[in-house]
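Engineer: Take this structure, written in structure tokens, and hold onto it; I'll ask about it next.
Values in this text are rule-based calculations from the coordinates and carry no lab data. Quantities reported herein were computed from a predicted structural model and do not represent experimental measurements. Note that each Cβ is placed from the backbone with ideal geometry, even for glycine, and that neighbours are counted across all protein chains shown.
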Amino acid sequence: MTLRLDDERERRLRLAADEEERSMHAVVVTAIDDYLARRNARQFDDLADEIIDRHATLLARLAE
């Protein structure tokens, strides 16, 4: 995979990596991992909301 960044993004990435004393690659991998974790959490939340909506009556009765 090749990641092409415009000059400004590359400059900001390099600055962040330098500040963290990490490679640009390590910063990008961490960013991807964080994005995927947030995406999975959103998908889980959406599924939970769907289940709660679908079974609202049953859940209300169980809560009594």
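Engineer: Under a point-charge model restricted to the Cβ atoms of Lys and Arg (+1) and Asp and Glu (-1), what is the dipole moment magnitude of the chain relative to its Cα centre, in debye to the nearest 20?
Structural biologist: The calculated dipole for the chain is roughly 160 debye.
Engineer: Suppose R0 equals 35 Å. What FRET efficiency, 1/(1 + (r/R0)^6) with r the Cβ-Cβ distance, do ALA48 and VAL28 give to the nearest 0.05?
Structural biologist: Between ALA48 and VAL28 the formula returns 0.70.
Engineer: Cα atoms only: what Rg and Dmax, in Å, come out for the stretch 7-63?
Structural biologist: In Å, with Rg to one decimal and Dmax whole: 20.0, 58.
Engineer: A follow-up question, please. Taking 0.36 nm per residue of separation and subtracting the Cα-Cα distance, what length does fully extending LEU15 through ALA63 add? Let's see the in-between values first.
Structural biologist: On the way: separation 48, 0.36 × 48 = 17.28 nm, distance 5.25 nm.
Taking LEU15 through ALA63 to full extension adds about 12.0 nm, to one decimal.
Engineer: Which of ALA16, VAL27, GLN43 sits farthest toward the positive end of the charge dipole of the stretch 7-63, with +1 on the Cβ of Lys and Arg and -1 on the Cβ of Asp and Glu?
Structural biologist: Working it through, the farthest residue towards the positive pole turns out to be GLN43.
Engineer: Could you derive backbone 3J(HN,Hα) for the stretch 50-58 from the dihedral phi with the Karplus parameters 6.51, -1.76 and 1.60 (θ = phi - 60°), listing whole Hz in sequence and x where the residue is Gly or Pro?
Structural biologist: Once θ is set to phi - 60°, the couplings for the stretch 50-58 become 5, 5, 4, 5, 5, 10, 4, 5, 4 Hz.
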